[in-house]
Amino acid sequence: MPDRALPGRRRALGLIGLGGAGLAAGAGAPVFGQTVDLGFAGGTRQLSGDWPQKGAMIVLRERAPLLETPMSAMDGEVFTPNDRFFVRWHYDDIPLSVDPAAFRLRVGGAVRRPLALSLDALRRLPRVEIAAVNQCSGNSRGLFTPRVPGAQWGDGAIGNALWTGVRLRDVLDLAGIAPGAVEVRVAGLDRPPPGAPWFEKSLAIDHARDGEVMIAWAMNGAALPLLNGFPLRLVVPGWYSTYWIKALDRIEVLTAPDAGYWMAKAYRIPATPGADVARGSKDFATVPIGRMVPRAFFTGPAGDTKVVAGDPFYVRGLAMGGAHGVARVDLSMDAGASWHAATLGPDRGRYGFRLWEATLPALRPGGYRLWARAVNTAGEVQGMKPIWNPGGYMRNPAPSIAVRAA
Ligand SMILES: Nc1nc2c(c(=O)[nH]1)N[C@H]1C(S)=C(S)[C@@H](COP(=O)(O)O)O[C@H]1N2
Ligand SMILES: [Mo]
């Protein structure tokens, strides 16, 4: 971390008026000298506590911010604390202050009544709450082999929250969808550099109206942190977070498919099962990234560990089902030849995290490898073999940790 850059950043982001949201001047002390090893070449990163409303985060990039959650911050937590929730922006020009009284959410395009909704007007609609995992399409990209360009995340570009807000459907119904609508485009307050396209994403009209896609103003019972999209963000349960537009201020109903850069060119995956193609290939049909896939994570321990030979050992982690609930988390000590079910924690919502734990039998002295996999309620099983695609999207091989018993 260039420590000279930190005071400036603290000033720039730390003095933001949030109209009562109470932004502390800096979230905590910089954690100088503390590094985290994300498990790939170049993956040794500095922890910093110098971001507003954030505790210690792994810094991938300062401008535009890419802040990763250390796995230790998710250990034993179904809901990822807001001050440790990962941050990802594409463009440098992000909103540094938003006046909630002046803020309006505009709804336009193919609608009967274009709207400019205040936050108070939104709050008069029926309130909904949903637990959902927000995961970057490129989470774990740093672990791709061969390596691919893009943000070199470890496993921590992910978090689960209980989101509070209103249904996108209710907002669309208030405006009245006009005939011929096919997609709904969303965009936020961050601005592209000159000549670059706005960061806009679109959902099919039926998806936008499914009653699950929501506009949230709170996560885990508190206002969204500025870096996570204050005052409003889209929440698209079960889908990768590229669609979860932050600082959402524009909704536009389209009568033709969105041909913009961020739909037509970026965030596209191979149209193959599991988004998997031969290493190095470039020539394949693509589709926009969409639903997430099941994943399990070790959090305690989060990586290779030593245990006392002859003692049972306790291991735990998190799992997500992707676009469905978690049915099971399995553990294997023979590279997937046989699997044993771990104990799941309570179900706090099908799109959210589920805690899992297991106490494993005593080991003789020696070296072992322990694997975990998640299985969702649709029967999708997390596979052993890593996929590959040039965008570095949707990585989800069954994780493993080395266990040394002595
Ligand atoms: N306005 C806006 N919304 C955005 C983005 C962005 O660059 N601008 N990035 C998206 C991507 S790719 C991700 S991974 C998530 C990250 O959400 P978070 O920063 O709250 O964790 O925000 C999404 N929403
Ligand atoms: Mo992302």
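The values are calculated or read from the model by the stated rules, or taken from the named source; none is laboratory data. Remember, it's a predicted structure, so these values are computed and weren't measured experimentally. Every residue, glycine as well, gets a Cβ built from its backbone with ideal geometry; the counts of neighbours run over all protein chains shown.
See the values below:
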| read-out | value |
| --- | --- |
| Among (1) more than 25 Å from Gly352 (Cβ to Cβ); (2) assigned to a loop (DSSP other than H, G, I, E, B), the one test that Arg185 misses | (2) |
| 1 or more residues on the phi < 0 side of the Ramachandran plot, of a type in the set (D, E, K, R) and touching a residue at least 24 places away in the same chain (Cβ under 8 Å): qualifying strands (runs of 3 or more DSSP E) within the range 279-352 | 295-300, 305-307, 313-320, 326-332 |
| Search result, residues across the range 284-293 that are over 14 Å from Trp239 (Cβ atoms) and either within 16 Å of ligand 1 (Cβ to nearest atom) or of a type in the set (Gly, Ala, Ser) (or both) | Ala285 |
| Matching option when the condition is surrounded by 15 or more Cβ atoms within 10 Å (Cβ to Cβ), at pLDDT 95 or above and more than 16 Å from ligand 2 (Cβ to nearest atom), among Val166, Val148 | Val166 |
| Residue check, Asp249 away from ligand 2 (no atom under 15 Å from the Cβ), of a type in the set (Asp, Glu) and either part of a strand (DSSP E or B) or closer than 30 Å to Pro386 by Cα (or both) | yes |
| Near pairs, Cβ below 6 angstrom, 6+ apart or cross-chain, from the range 228-247 (over 17 Å from Asp210 (Cα atoms) and aliphatic (A, V, I, L, M)) to any residue that is away from ligand 2 (no atom under 15 Å from the Cβ) and assigned to a strand (DSSP E or B) | Leu232/Ile215; Leu232/Trp217; Leu232/Leu248 |
| Selection from the range 251-266 of residues that are surrounded by fewer than 19 Cβ atoms within 10 Å (Cβ to Cβ) and near ligand 1 (Cβ under 10 Å from one of its atoms) | Ala266 |
| In the range 106-143, residue surrounded by the fewest Cβ atoms within 10 Å (Cβ to Cβ) [restricted to those that are touching a Ser or Thr at 6+ places or on another chain (Cβ under 8 Å) and of a type in the set (A, V, I, L, M, F, W, C)] | Val128 |
| Test for Ser281: is it away from ligand 1 (no atom under 16 Å from the Cβ), among the hydroxyl-bearing types (Ser, Thr, Tyr), exposed (fewer than 15 other Cβ atoms within 10 Å of the Cβ) and more than 21 Å from the chain's Cα centre (by Cα) | yes |
